[in-house]
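Take a look at the structure below.
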Amino acid sequence: MKGNQSGLLKAVESNFIPTQSDYQINKGHGRIEKRTVSICQKLDGIPDFPGLKTLIRVESERHIYRANIIEVSTETRYYIASFIDTAKAFAQRIRGYWGVENKVHYVRDVTQGEDASRIRTTPLIQSWAIARNLALNLYRDIGFQNMAQARLLILCVFQEKKSCSFHVVIIISK
């Protein structure tokens, strides 16, 4: 939830009373992250919002280890839901969403260089997005799990054949 809903975020922050919480600790990639996901279904003091049933608060504390220095950061995020579930279930949903989001962004940015693209003309932006999606879908359809490896293989084939994409399809389908 962002501050773009007039008064909703402030109301949630000031009226959130947790009824259930789920705690998680994750280690990896040079950091330790502690997350507490709490839910609140008491909506007193919350402005009317269509279908609102649950308020969710995610408090995270991240310890990042770099060159014998520990950097600690904290963050609190709020979400709203139109259904009722447990804190643990919401924690899994949120982690799953960000896992997919990060994976998609990583592939688009690192493998395809989308963020570095200088294309700013309206029709070209959509055309390149379609082309990138087509490439990713073709890689997955062929059976690649790693998009960077798929891209490197295709580049090697292009350099070897110095020809069109038709040859790429024939070579990969062997």
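The values are calculated or read from the model by the stated rules, or taken from the named source; none is laboratory data. Predicted, not measured: the structure shown is a model, and the values here were computed from it. Here Cβ is always computed from backbone atoms with ideal geometry, including for glycine, and neighbour counts include all displayed protein chains.
Being exposed (fewer than 10 other Cβ atoms within 10 Å of the Cβ), in the same structural domain as residue 7 (by TED's automatic domain parsing) and more than 27 Å from residue 147 (Cβ to Cβ) is true for just one of 80, 84, 32, 25. Which residue is that? Even if it seems obvious, please write down each step before you answer.
Working: 80 fails: exposed (fewer than 10 other Cβ atoms within 10 Å of the Cβ); 84 fails: exposed (fewer than 10 other Cβ atoms within 10 Å of the Cβ); 32 fails: exposed (fewer than 10 other Cβ atoms within 10 Å of the Cβ).
Going through 80, 84, 32, 25 in turn, just one is exposed (fewer than 10 other Cβ atoms within 10 Å of the Cβ), in the same structural domain as residue 7 (by TED's automatic domain parsing) and more than 27 Å from residue 147 (Cβ to Cβ): 25.
In the set 98, 128, which member is out of contact with any helix residue (DSSP H, G or I) (no Cβ under 9 Å at 6 or more places or on another chain), at pLDDT 80 or above and of a type in the set (Phe, Trp, Tyr)? Full working, then the answer.
Values: 98 fails: at pLDDT 80 or above.
Every option except 128 fails the conditions.
Within 26 Å of residue 25 (Cβ to Cβ), in a helix (DSSP H, G or I) and modelled with pLDDT of 75 or more: does that describe residue 88?
Details: within 26 Å of residue 25 (Cβ to Cβ): yes; in a helix (DSSP H, G or I): yes; modelled with pLDDT of 75 or more: yes.
When the stated conditions are applied, residue 88 passes them.
Got a sec? Which of 44, 48 is touching a helix residue (DSSP H, G or I) at 6+ places or on another chain (Cβ under 9 Å), surrounded by fewer than 11 Cβ atoms within 10 Å (Cβ to Cβ) and not in a strand (DSSP E or B)? Can you show your working first?
Working: 48 fails: touching a helix residue (DSSP H, G or I) at 6+ places or on another chain (Cβ under 9 Å).
Every option except 44 fails the conditions.
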